[in-house]
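Take a look at the structure set out below.
The numbers here are math on the coordinates, done by the rules we state, and not lab data. Model, not experiment: these values are computed from the prediction. Every residue, glycine among them, receives a Cβ derived from its backbone with ideal geometry; neighbour counts consider all protein chains shown.
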Amino acid sequence: MSEAEGLGPLAARLEAMLFAASEPLGLSRLALAASAEPASVRRALAELAAHLAADGHGVELTELAGGFQLLTRAEHAAAVEALAAPRVTPLSRAALEVLAIVAFQQPVTRAAIDEIRGVHSEGALGTLVERGLIGEVGRAEAPGRPILFGTTRRFLEQFGLRSLEDFSRVAGPDIGPRPQQLPHSER
Amino acid sequence: MRLGTWEGSLTELITALEGGGLDAREVPLAAVVAQAKEQAQDLEGRAVAFALACRVVELKARALLPSPPPEPEPTSEEDPEAEAAELAARVAAYQAFAEAAEVLREFEMQRRVRFGRPSASTRASKPRAAELPEASLEQLLGALREVWQRAAPRTGEVERPRFTMDQALSALRARLAAAGTQVEFSELFASAADRLEIVLTFLALLEVVRLREAQVVQDAPFGPVRIRWSGARAEGAPRTGMPR
């Protein structure tokens, strides 16, 4: 395509792959599929991102959940939504609180979440599990072997986060222990 | 009432015990109860004496039993501070998470206005009528309804089915192959002996459509539904998974 004149062949190939993908693609996956070295893929991704930004494209390259994805720019939201893009109800305040606690304290039991919030969190937990934002990551070695919750990849994707560290950096360092690495890479 | 050196009424005894003038541990309960019983004249007096005696028993019991550990006293003085500090810590911890929740809300809002390609599972929720390009299932069922009405229900007899799914399937294939390219839907059922045969033939039709051996077409709205035969699939094609 004529717009991609300034784009190198590898960057163009990556653009095609990212265009067709419905989820963030990791660097190694991109490198494998494009038959290129990860280092050159990284350079080509930077080239693609700069190209999309400089030429005023409607999509931008976004680093998300440990991968890369082409997302439409925020300013075109209304137009994209007019095409009946799936609209998801925003999470309730309670659900967001529970999500924040799980993100920072994971793996964490429901009782521990209730303790912090001072109220029952069952409903909010249910919503978050249903939406695939958190999941069971194990069982605590405590009476009743309560479920331990942790955040999922989908959580990072849906909140535009590169990683959990990304979130803890922004959300404030005074919160408890640093988030641990995801106990499971895929949701 | 006389108890050793002490003398007075039951009420006075209780006052002395509560005030600490008399050691409750030294009070002989049997004597107290016996004397109270003696002095009470009527039922009402006995009731009062009984209540007062109970109080004496209670006071002696309290004096005899080990008193609650003395810790509560000093800690209850410290508690307000410790409790307040603990509460403050908990509130602060909660506050931090509440603020983090606000950050998440912002992230959510920013992310909600940027769209990626929807996942395949989202797209798949809209079923495509690929097998029935020109006639919908609705139209097909409508055609079946017509045929159905024509066949009178048979009552009074229960027979062993003479016609099986396999038979219906091979009969239909033979029929379609023999007819060449197209057969009208209603023709397929013209020779059907009963409703069972109609049902089996219809199921067989759905099966050949599923296997892409035939297509269902309707040239015009309300026009006749036709079956277009495209030939049996080659050997090795998936076996029919049709239940009998």
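Numerical summary
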item	result
Value of D in µm² per second that Stokes-Einstein yields for chain A, Kirkwood Rh from Cα pairs, at 20 °C (1.002 mPa s)	115
Cβ-based net charge around B:Ala49, under 10 Å, with every Lys or Arg adding one and every Asp or Glu removing one	0
For A:Phe68, distant residues with modelled amide H under 5 Å away	A:Leu25, A:Gly26
Spin-label proximity, B:Gln110 to the range A:45-82 - amide N less than 17 Å from point 7 Å beyond Cα toward beta carbon	A:60-77
Estimated inter-spin distance, B:Gln149 and B:Ser170, nm [label 7 Å along Cα→Cβ]	3.6
Alpha-carbon radius of gyration plus Dmax, which is the widest Cα pair, for the range A:93-171 in Å	12.0, 37
Spatial separation of Cα centroids for the range A:28-46 and the range B:1-21, in angstrom	98
Residue-averaged beta-carbon neighbours from other chains (10 angstrom radius) around A:56-69	1
Value of relative contact order over chain A, rounded to a whole percent, pairs C-alpha under 8 Å and six or more apart	19
Fraction of alpha-carbon pairs over 17 Å apart in the range A:2-82 - percent	44
Estimated 222 nm signal from helices in chain A, with DSSP H stretches of n ≥ 4 weighted -39500 (n - 2.57), rounded to 500	-13500 deg cm²/dmol
The range A:93-171, relative contact order [Cα under 8 Å, separation at least 6], %	31
5 angstrom amide H check on B:Ala214, placed H, neighbours 5+ away	B:Val209, B:Ser230
Distribution of pairwise C-alpha distances over the range B:2-64, 5 Å bins, in %	4, 19, 33, 25, 13, 5, 1
Contour excess over end-to-end distance, with Cα ends at B:Ala179 and B:Glu102 and 0.36 nm allotted per residue	20.7 nm
Modelled FRET efficiency - R0 60 Å, B:Ala51 with A:Ala140, Cβ distances, 0.05 increments	0.65
Relative contact order [Cα under 8 Å, 6+ residues apart], the range B:2-64, whole percent	41
Estimated FRET transfer efficiency when R0 is 35 angstrom, pair A:Leu32-A:Ala74 (beta carbons, to 0.05)	0.65
Dipole axis of the range B:2-64 (+1 Lys, Arg; -1 Asp, Glu on Cβ), positive-most option in B:Gln35, B:Ala51, B:Leu64	B:Leu64
Charge tally in the Cβ shell below 14 Å around B:Gly21, where Lys, Arg are +1 and Asp, Glu are -1, B:Gly21 excluded	-4
Label-to-label distance, nm, for residues given as B:Val33 and B:Glu81 (7 Å Cα→Cβ offset)	4.9
